[in-house]
Amino acid sequence: MTVVLYWMSISHPSQVARKMLDLKGVEYELVDVVPLNQRIHLRLAGFSGGTVPALKLDGKRLQGSRQIARVLDERWPEPPLFPADPALRARVEEAERWGEEQLQPIPRRLFRYGVARDPQLRERVVRAQRLPVPAVTAQAIRPALEWYVRTVEADGRRATEAGVRADLAALPALLDHVDRLLGDGTLTLDPPNAATLQIMVSVNLMARFADLAELVASHACAEPARELFSTYRAGLPPFLDPEWLERLRTSPTA
Ligand SMILES: N[C@@H](CCC(=O)N[C@@H](CS)C(=O)NCC(=O)O)C(=O)O
């Protein structure tokens with residue numbers, strides 16, 4: 001049996017896939033995909049899609065954190081990522097889908113907006129990723145970043161100013177929803193289910209963005225998110241317009 005995870009350490013759905021393998025106690029090989037090279041690298045490795053996480057399992061190729069969750073749970077049932085009770089399972093699956101479609105795109109979009117618009121942030125990220133000749137690389141990747149800025153995510157938004165401002169406006173209510181899912185037991189912590197992992201990784205990443213740290217810390221989900229993904233290091237210094245953040249602080253749901 002061979003298990004190979006194609007991942008990027010900065011990618012939050014990649015962190016979910018790795019965490020699931022670790023929880024199941026599966027031995028696996030890790031392949032680091034260089035950021036912005038996903039499409040080429042994964043096609044060369046025989047995958048049909050161009051995103052991480054991607055998993056080779058006994059010759060089968062799987063992509064997407066939700067698909068990977070299901071296949072791993074079938075193959076290694078303990079500890080379970082989904083509850084056995086059908087009604088409970090439906091709740092967890094719905095929360096997981098919500099986490100992937102509504103929450104997961106937000107930190108990715110803010111990140112893309114920041115690195116596309118802020119040259120200093122871009123160079124800092126390039127250095128942190130140990131890409132060669134950082135100053136030159138930071139310039140060279142601009143066209144690719146512009147392409148990603150225009151990409152429409154599952155929630156219909158792009159990494160433009162309008163998209164990012166819509167994210168900031170939506171975020172307090174989304175984090176309140178995470179707290180409710182924790183409070184009503186949909187998101188379990190011991191063991192964490194697939195929805196917990198899918199959602200908490202995004203909460204964790206947003207807490208590591210200096211601009212959002214205060215907002216996230218004011219929610220109950222901040223603590224379990226930090227504990228679950230304590231080794232995930234992908235922070236960003238402030239890069240958003242302080243005026244937008246001021247509105248976030250004074251918005252009625254914040
Ligand atoms: N919803 C997918 C998202 C995967 C995804 O978009 N991964 C990003 C990194 S966080 C990626 O590889 N993007 C490359 C691209 O879209 O070309 C999942 O949960 O696996």
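The values are calculated or read from the model by the stated rules, or taken from the named source; none is laboratory data. Only a predicted model underlies this, so the values are computations on that prediction, with no experimental measurement involved. Don't worry about glycine lacking a Cβ; one is built from the backbone with ideal geometry, like all the others, and counts go over all protein chains shown.
Inside region 129-154, can you point out the residues that are touching an Asp or Glu at 6+ places or on another chain (Cβ under 6 Å) and closer than 26 Å to residue 247 by Cβ? Before you say what the answer is, go through the steps one by one.
Pass one, region 129-154, residues touching an Asp or Glu at 6+ places or on another chain (Cβ under 6 Å): 134, 138, 154.
Once the filter is applied, which keeps residues that are touching an Asp or Glu at 6+ places or on another chain (Cβ under 6 Å) and closer than 26 Å to residue 247 by Cβ, region 129-154 yields only 154.
Kindly check whether there is at least one residue in region 65-77 that is more than 16 Å from the ligand (Cβ to nearest atom) and aromatic (Phe, Trp, Tyr).
Initially, region 65-77 is screened for residues more than 16 Å from the ligand (Cβ to nearest atom), giving 74-77.
Subsequent filtering for residues that are aromatic (Phe, Trp, Tyr) retains 76.
Yes, the conditions are met somewhere in region 65-77.
Determine which member of the set 181, 187 is closer than 23 Å to residue 23 by Cα, touching a Ser or Thr at 6+ places or on another chain (Cβ under 8 Å), surrounded by 13 or more Cβ atoms within 10 Å (Cβ to Cβ) and in contact (Cβ under 8 Å) with a residue 60 or more places away in the chain. Lay out the reasoning, then the answer.
Numbers: 181 fails: touching a Ser or Thr at 6+ places or on another chain (Cβ under 8 Å).
Unique residue meeting the criteria: 187.
Of the residues in region 27-39, how many are near the ligand (Cβ under 10 Å from one of its atoms), farther than 17 Å from residue 16 by Cβ and without any contact (Cβ under 8 Å) to a residue 40 or more places away in the chain?
Residues meeting the conditions: 2.
Would you confirm, using the coordinates I've provided, whether residue 43 is part of a strand (DSSP E or B), basic (Lys, Arg) and not assigned by TED's automatic domain parsing to the domain that holds residue 108? Step through it out loud before you land on a result.
Details: part of a strand (DSSP E or B): no; basic (Lys, Arg): yes; not assigned by TED's automatic domain parsing to the domain that holds residue 108: yes.
No.
Among the residues of region 1-26, write down those that are away from the ligand (no atom under 13 Å from the Cβ), modelled with pLDDT of 95 or more and assigned to a loop (DSSP other than H, G, I, E, B).
25, 26
Going by the conditions given, is residue 145 away from the ligand (no atom under 14 Å from the Cβ) and touching a residue at least 24 places away in the same chain (Cβ under 8 Å)? Spell out the reasoning first.
Details: away from the ligand (no atom under 14 Å from the Cβ): no; touching a residue at least 24 places away in the same chain (Cβ under 8 Å): yes.
So residue 145 does not fit the description; no.
Looking at (1) away from the ligand (no atom under 14 Å from the Cβ); (2) in a helix (DSSP H, G or I); (3) under 19 Å from residue 97 (Cβ atoms), find the lone condition where residue 201 falls short.
(1)
Answer yes or no as to whether residue 127 is surrounded by 14 or more Cβ atoms within 10 Å (Cβ to Cβ), outside the structural domain of residue 48 (by TED's automatic domain parsing) and basic (Lys, Arg). Give the derivation first.
Details: surrounded by 14 or more Cβ atoms within 10 Å (Cβ to Cβ): no; outside the structural domain of residue 48 (by TED's automatic domain parsing): yes; basic (Lys, Arg): yes.
No.
Looking at residue 216 and the list (1) over 16 Å from the mean Cα position of the chain (by Cα); (2) at negative phi, which single condition is not satisfied?
Unmet for residue 216, out of (1) over 16 Å from the mean Cα position of the chain (by Cα); (2) at negative phi: (1).
Of the conditions (1) more than 13 Å from the ligand (Cβ to nearest atom); (2) within 26 Å of residue 239 (Cβ to Cβ), residue 110 satisfies every one except a single condition; which number is it?
Going through (1) more than 13 Å from the ligand (Cβ to nearest atom); (2) within 26 Å of residue 239 (Cβ to Cβ) one by one, residue 110 breaks only (1).
Answer yes or no as to whether residue 176 is more than 23 Å from residue 233 (Cβ to Cβ), touching a His at 6+ places or on another chain (Cβ under 8 Å) and at pLDDT 95 or above.
Criteria met by residue 176.
Between a first residue in region 213-232 that is within 15 Å of residue 17 (Cα to Cα) and a second residue that is among the aliphatic types (A, V, I, L, M) and modelled with pLDDT of 95 or more, which pairs have beta carbons less than 6 Å apart while being 6 or more apart in sequence or on different chains?
Note: pairs meeting the criteria are 228/200; 229/201.
Restricted to region 64-78, and to residues that are surrounded by fewer than 19 Cβ atoms within 10 Å (Cβ to Cβ) and under 24 Å from residue 34 (Cβ atoms), which residue is farthest from the chain's Cα centre (by Cα)?
Per the criteria, the residue is 67.
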